[in-house]
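The values are calculated or read from the model by the stated rules, or taken from the named source; none is laboratory data. Model, not experiment: these values are computed from the prediction. Cβ coordinates were reconstructed from backbone atoms using ideal geometry, including for glycine residues, and neighbour counts include every protein chain displayed.
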Amino acid sequence: MNRLCAINDEAVTPQSTGGGCQLRPARCLLLVFALACLNPARMARAADGGLPNLNTAEGDFALNAIATNSANTGARNTAIGYLALYFNTSGYANTASGVQALYANDTGSYNTATGVFGDLSLQGRFGPG
């Protein structure tokens, strides 16, 4: 007994029922790669949007100290990018945009950093200066 197996618009060829559809190696590799990119554990690490106390984070581990510990009191902070405002625990009204922007800022307030590693070592400062 034969059955038909077609993938996309390629020619239809008979296949035996014992073996099922045969995928070409390139398609198998593409399927494995696509599934690897959809790793749910990796997707869960991003804060993705609104956090408590009017904080906003977008990016893996952005505003991590606030996103992972509700006892931290930082408020009105915005972090966009990987590890942006990573250590912020009680800082207020900070804006970090870029990879590791304001990374070490834990208690400082009213700071703004833009770009990769922007004010990377800033700690506990209040405002510009």
Does the stretch 43-53 include one or more residues that are assigned to a loop (DSSP other than H, G, I, E, B), at pLDDT 85 or above and among the hydrophobic types (A, V, I, L, M, F, W, C)?
no
Would you mention how many residues in the stretch 61-73 are at pLDDT 90 or above and buried (at least 24 other Cβ atoms within 10 Å of the Cβ)?
2
Determine the pairs where a residue that is in contact (Cβ under 8 Å) with a residue 40 or more places away in the chain, located within the stretch 54-79, has a partner that is among the small types (Gly, Ala, Ser) with Cβ atoms under 8 Å apart, the partner being 6 or more residues away or on another chain.
Ala65/Gly74
